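Reviewing the structure listed below.
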Amino acid sequence: MKDITEILKSLRNVRLDAHEKNAMRSRLVQHIDSEVSIPSPVVSWYGILWSHQFKVGYASLFITLSVGSTVVFAAEQALPGDILYAVKTKVNEQVERAFVPSEPIQLAQFETKLVERRFEEAEKLDEKKLLVKEDTKSKAREEIEKQTEKAEKAIAKAHTINQIEVTSALVQPVAEPTANMMMRSFSVSENDNDDDVEDDQSSKRGKNSDSSSRKEQSNDDGDDNDRRGKDNDTQEDEDDESDLEKVFKKHSDIVKKLDIKKNNRSRDDR
Amino acid sequence: MKANQDNKQPFLGVYDAYADAIFRHCYFKVSNREVAQDMTQQAFMQLWTYMKDGKDIENPKALLYRIAGNLAIDWYRKKKSESLENLMEGGFDPSDKRGENIEQSAEFQNVLKRLPELSPEDQNLITLRFVEDLSPKEISEILKERENTVSVRIHRALERLRELMKTT
């Protein structure tokens, strides 16, 4: 018996016969030539959507969303001085703001709500005995003042617009009670006889807009409507405390502790 | 697609040189002429895909063996038992005995029968080394393993085949 390696060598006789080999060769040539005539492979959307780049994209999107939402939720609890605090005020609250209906009155309510929130944060800091640190204290104060300014602006805007609305409401008396209600909820004090400087300041803006709109009223609608407009003012006078002031009163201890003067800026402006 | 035409001639050169060897390689694995032919054609088509993309192919022969090996693995997975049955029952295509005398033919048949009894790895090593006459270095390139390891394994595989042949 031959050595096994010799037998194995004889297996080399296993091969394609000439016909088979040529046939396969021409099939391959045909395959190559057919590829030449095809301009480009068919682009499948399925293929693109599952391509490597897109998979990487999906992964990063998933990570961004999950990390992002974690950050956003964590930021809800942040206090002035925390790293995530900026996320809370600049992202979370901006998003909330975007969902506030476009009525100026509702925006004013929202901004006032945020003033309240700033006070609550300061209270939390106080509970944690963090307000003794001067930089935390000044940050908290800064946040409250910044938000108060925003709220004041929103209130002033709502007030001005309300006046115009009241004017038009006078033409259609049915709508009047609603307009009054709206005005009352965001009225700024009209009491000048008070020795309270703060009230005096806040009323300035309201008064200015009042007087201008009142002028419009008398011009447009005549004496009768003018008298009714004055009735509105009288009603407003009775409601001498705005929501913003209520917030300040409620958190008077923090106001004192942080030495916040509500109308600092308007005084400077003057 | 000028590149396609540029690559066409070298590709056909590779085909002319290695078609038989690749066919054999497949045939020993699948024991069926037609399947082996299909597999060979598929292997060359895959090689073409590499070549037309302008990929640098250092050793087309080694690549072809690797492609064929992978195709065979896929095929094994699909119909392992069936192939063994075919081999045991049907034996081999008489056309493979071209030009052999009867004695050689009997030995030839015996080896062919025993080869599939080896593990696919052993069978691979035996055919590459002794049928195709590739050097251990070339085999190490195909299998992506160290040359020394390959030499040792070839030796052991041959021992196992000898043992099998004795039990006839």
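The values are calculated or read from the model by the stated rules, or taken from the named source; none is laboratory data. A quick note: this is a predicted structure, and the numbers were derived from the prediction, not measured. Virtual Cβ from ideal backbone geometry, glycine too; neighbours counted across all protein chains shown.
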Quiz item: What are the residues in segment B:47-58 that are more than 9 Å from chain A (Cβ to nearest Cβ) and more than 20 Å from A:Lys21 (Cβ to Cβ), if any?
Solution: B:Thr49, B:Tyr50, B:Asp53, B:Gly54, B:Lys55, B:Asp56, B:Ile57, B:Glu58
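In this structure, is B:Asp53 within 16 Å of the chain's Cα centre (by Cα) and under 21 Å from A:Ser34 (Cβ atoms)?
On the way: within 16 Å of the chain's Cα centre (by Cα): no; under 21 Å from A:Ser34 (Cβ atoms): yes.
Considered against the rule, which asks whether it is within 16 Å of the chain's Cα centre (by Cα) and under 21 Å from A:Ser34 (Cβ atoms), B:Asp53 comes out as no.
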Quiz item: Listed residues B:Arg114, B:Arg153, B:Arg129; which is surrounded by 19 or more Cβ atoms within 10 Å (Cβ to Cβ), touching a residue at least 24 places away in the same chain (Cβ under 8 Å), among the charged types (D, E, K, R) and under 18 Å from B:Val30 (Cα atoms)?
Solution: B:Arg114
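Regarding B:Phe44, is this residue at the interface with another protein chain (Cβ under 10 Å from one of its Cβ atoms) and at pLDDT 90 or above?
So B:Phe44 passes the test.
Conditions tested, residue by residue: (1) surrounded by 20 or more Cβ atoms within 10 Å (Cβ to Cβ); (2) modelled with pLDDT of 50 or more.
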site	(1), (2)
A:Glu145	no, yes
A:Gln172	no, yes
A:Asp200	no, no
A:Gly206	yes, no
Quiz item: Picking from B:Leu63, B:Leu118, which residue would you name as being at pLDDT 75 or above and away from chain A (no Cβ under 14 Å)?
Solution: B:Leu63
Quiz item: Does at least one position in segment B:19-36 carry a residue that is in contact with a Lys or Arg (Cβ under 9 Å, 6 or more places away or on another chain) and of a type in the set (Lys, Arg)?
Solution: yes
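I'd like the full set of residues that are within 10 Å of chain A (Cβ to nearest Cβ) and not aromatic (Phe, Trp, Tyr), limited to segment B:4-24. Explain how you work it out, then say what you get.
In the first step, residues of segment B:4-24 are kept if they are within 10 Å of chain A (Cβ to nearest Cβ); the result is B:4-5, B:7-8, B:11-12, B:15-16, B:19-24.
The answer is B:Asn4, B:Gln5, B:Asn7, B:Lys8, B:Leu12, B:Asp16, B:Ala19, B:Asp20, B:Ala21, B:Ile22, B:Arg24.
Could you check segment B:132-142 and list, in sequence order, the residues that are free of Cβ contacts under 8 Å to residues at least 24 places away in the same chain and either closer than 12 Å to B:Lys61 by Cα or in a helix (DSSP H, G or I) (or both)?
As a first pass, look at segment B:132-142 and keep what is free of Cβ contacts under 8 Å to residues at least 24 places away in the same chain: B:133-137, B:139-140.
B:Leu134, B:Pro136, B:Lys137, B:Ile139, B:Ser140, listed by residue number.
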